[in-house]
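What follows is one structure encoded as structure tokens, with my remarks underneath.
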Amino acid sequence: MRIARNWRTRQQRYSLVGEVCTQCGHKIFPPRDVCPHCTQPAQLPYALSGRGEVFSYTTMTSAPQGFEEYLPYTVALVKLEEGPMLTAQLTDVDPDEVRIGMPVEMVTRKIREDGEAGQILYGYKFRPLLERQTAT
Amino acid sequence: MRDVSIIGIGQTPVGELWDKSLRHLAHDAVVAAMRDAGIERADALYVGNMLSGELAEQEHLGALIADFVGLRGIEAFKIEAACGSGAAALRLGYMAVAGGLHDLVIVCGVEKMTDAPGADTTSALALAADQEYEVTHGLSFVALNALLMRRYMHEYNVPHSAFAGFSVNAHRNGAGNPNAMFQSPITAAAYQQAAMIADPINLMDSSPICDGAAAVVLVPSDWAGHGRGAVRILASASATDSLAIHDRRDPLFLEAAYLSSQKAYRQAGVTPADIDLFELHDAFSIMSALSLEATGFARRGEGVRWAEDDGARIAIDGELPISTMGGLKARGHPVGATGVYQVVEVVQQLRGEAGVNQVRDARIGMAQNIGGSGATVITHILAAE
């Protein structure tokens, strides 16, 4: 893992800081500095709520390097309520219970460790929305 | 702009070729193409390759291979566009000849994947995806395709078994290709029972990790004459989309495949109905369905219907033969070489040299090579002279 690279994305990984386009109003995550909707500059930071729903998902049975010890884990495309979509792991859920459309919310978790002495990478994962579960 | 023709093709068998190094694979394909074209020199060599740095610990392939095949001194570069590297190299060669900068260009796609341990290869393939926002969360390239397939099955209410025909067709055609990695047919039942990799993608939805090299020789069509070997490039077009699936306007629509095929149809002056065979990028069976929709052969959600009845309509004698020499699934997917293999196979078909897999009366063939999960898409349309 590259320390500076992970440091640069800390606001995104910890707080879902994206951008809002001052021209067309679209919320943008991950940040990209040029609005993909109207191609105008978009560099105004905007923190997303972290609530959304599962757009698609899969449970991995073989992993890239550095993720072997976490198998099996479930990854998803999450459609945020502000519009943008992102890719993340799901957590605190039985893989068999994940459904498309399931409401989820962001939590901060350990994503991986780089060995015993290496960096620990934290970032967003998504779990089933707790408030809604307790409300019903 | 000059018209460009292919006058020579070469390919190595695809598989786990432990006795062949990267440079030997490239050598075998380039020398075969030069011999087929009847040439002993070239102005330039463009090498399509994705992973030589990661998996063979070797970059700088242009000069390496030019020297190794006896062409020391000529212009030579490596071109990288993930799994679309092969067709990207061909596109560059096409531009050089069409633009009048070179007259005699060799394009080689080469990949050496099987020397490295499996986990290394899995990680290397994920370099095609967005490192900071996809791969950092532990996704493999298979997982990204699984996300697409799951969503497709959900949105269009399609069972996994509906995709079986793509795999059955590819393996049926691989059985007739002596260069294919897999030369045994499979059944729809075997497809259903295959080991799961990332649900819903199983082993039979996926193209294999392998080694291989393929090459073509390009010249201005004026030079090519009307001999047996010459095949004209009617269209060469590429387009891009976001690397990350989550950044796309519609994840189930391969916009770059749409854009590049539309450009190609216009250049060639043809419509999908004119295409006699289609070498599409069946790295995963979901990609076959999405490719057929983006290129105008099916409406949204109906690409998978081409797989019905064990792929009868996409078979060699079907309405639209695809993966005619086995495709990525059965011929194999040596990633940076694949785009050149596809075009070599279209040339085989248009020359009438496809053996038992020959598509009858094949006049116009299309090849479409996809980089990543759809971020680079390059389409070529070829016609018999």
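So the values come out like this:
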| read-out | value |
| --- | --- |
| Folded to 0 to 90 degrees: helix B:335-351 orientation relative to chain B principal axis, Cα | 70 degrees |
| Beta bridges by DSSP in chain B, antiparallel share as percent, to the nearest 5 | 70 percent |
| For segment B:1-122, convex hull volume per residue from C-alpha positions, Å³ | 95 Å³ |
| Overall form of chain A per C-alpha gyration tensor (a/c, 1.5; a/b vs b/c) | oblate |
| All-pairs alpha carbon distance profile, segment B:174-240, 5 Å steps from 0, percent | 3, 11, 13, 13, 13, 14, 12, 10, 6, 4, 1 |
| Gap separating the Cα centres of segment A:11-33 and segment B:63-126, nearest whole Å | 37 Å |
| Top positive-direction residue, dipole computed over the protein assembly as shown with Cβ charges, set B:Pro334, B:Ala189, B:Ser5 | B:Ser5 |
| B:Arg305 paired with B:Trp18, simple spin-label distance in nm, labels 7 Å along Cα-to-beta-carbon | 4.8 nm |
| Prolate/oblate/rounded label for segment B:253-385 (Cα gyration tensor, a/c 1.5) | rounded |
| Likely footprinting exposure, B:Ser291, B:Ser242, B:Ser161, fewest C-beta neighbours within 10 Å first | B:Ser161, B:Ser242, B:Ser291 |
| Cleavage-rule hits, GluC sites (Glu not before Pro), segment B:45-84, DSSP coil, Cβ neighbours within 10 Å at most 13 | B:Glu57, B:Glu59 |
| All-pairs alpha carbon distance profile, segment B:274-318, 5 Å steps from 0, percent | 5, 23, 33, 31, 8, 0 |
| Computed FRET value (nearest 0.05) for A:His26 with B:Glu132, which takes r as the C-beta separation and R₀ as 30 Å | 0.90 |
| Prolate/oblate/rounded label for segment B:241-322 (Cα gyration tensor, a/c 1.5) | oblate |
| Selection from A:Cys24, A:Asn6, A:Gly118 lying farthest towards where the dipole of chain A points positive, charges on Cβ | A:Cys24 |
| Positive minus negative residues near B:Gly70 (Lys, Arg vs Asp, Glu; Cβ under 10 Å) | 0 |
| Under the Debye formula (equal points on every Cα, no solvent term), log10 I(q)/I(0) of the protein assembly as shown at q = 0.07, 0.10 Å⁻¹ | -0.38, -0.77 |
| Top of B:Val231, B:Val158, B:Val217 by mean-square fluctuation, Gaussian network on chain B, Cα under 10 Å | B:Val158 |
| Selected from B:Ser261, B:Ser123, B:Ser85 as most flexible by GNM, with chain B as the system and alpha-carbon contacts under 10 Å | B:Ser123 |
| Relative contact order of segment A:3-135, defined on C-alpha pairs under 8 angstrom at six or more residues apart (%) | 21 percent |
| Loop chymotrypsin sites (Phe, Trp or Tyr not before Pro), segment A:1-109, which have at most 12 other Cβ atoms in a 10 Å radius of their Cβ (DSSP) | none |
| Distant-in-sequence amide H partners of B:Ala235 (H built 1.01 Å from N, under 5 Å) | B:Ile381 |
| Nearest-ten-degree value, helix B:255-268 long axis tilted from longest Cα axis of chain B | 40 degrees |
| Listed pairs B:Lys78/B:Lys263; B:Lys78/B:Lys329; B:Lys78/B:Lys112; B:Lys112/B:Lys329 exceeding 23 Å between Cα atoms | B:Lys78/B:Lys263; B:Lys78/B:Lys329 |
| log10 of Debye I(q)/I(0), alpha-carbon scatterers only, for segment B:218-274 at 0.16, 0.17, 0.19, 0.21 Å⁻¹ | -0.66, -0.70, -0.78, -0.85 |
| Nearby lysines by direct alpha-carbon distance to A:Lys79 (threshold 26 angstrom, same-chain neighbours under 8 apart not counted) | A:Lys27, A:Lys110, A:Lys125 |
| Chymotrypsin sites (Phe, Trp or Tyr not before Pro) restricted to segment B:3-96 and DSSP loop, no more than 14 other C-beta within 10 Å | B:Trp18 |
| DSSP bridge pairs, the protein assembly as shown: antiparallel proportion in percent, nearest 5 | 80 percent |
| Only Lys, Arg (+1) and Asp, Glu (-1) charged, at Cβ; segment A:3-135 dipole about Cα centre in debye | 420 debye |
| Max mean-square fluctuation residue, GNM over chain B, Cα-Cα springs under 10 Å, options B:Gln192, B:Gln11, B:Gln58 | B:Gln58 |
| Using alpha-carbon coordinates, inclination of helix B:85-98 to the longest axis of chain B, degrees | 40 degrees |
| Rg followed by Dmax, in Å, when chain B is reduced to its Cα trace | 18.9, 57 |
| Exposure rule at most 16 other beta-carbon atoms within 10 Å, DSSP loop trypsin sites (Lys or Arg not before Pro): chain B longest free segment | B:73-227 |
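Here, each number is a calculation from the coordinates, and none is a lab measurement. Keep in mind that what you see is a predicted model, and the values were worked out from it rather than measured. Here the Cβ is made from the backbone with ideal geometry for all residues, glycine too, and neighbour counts use every protein chain on show.
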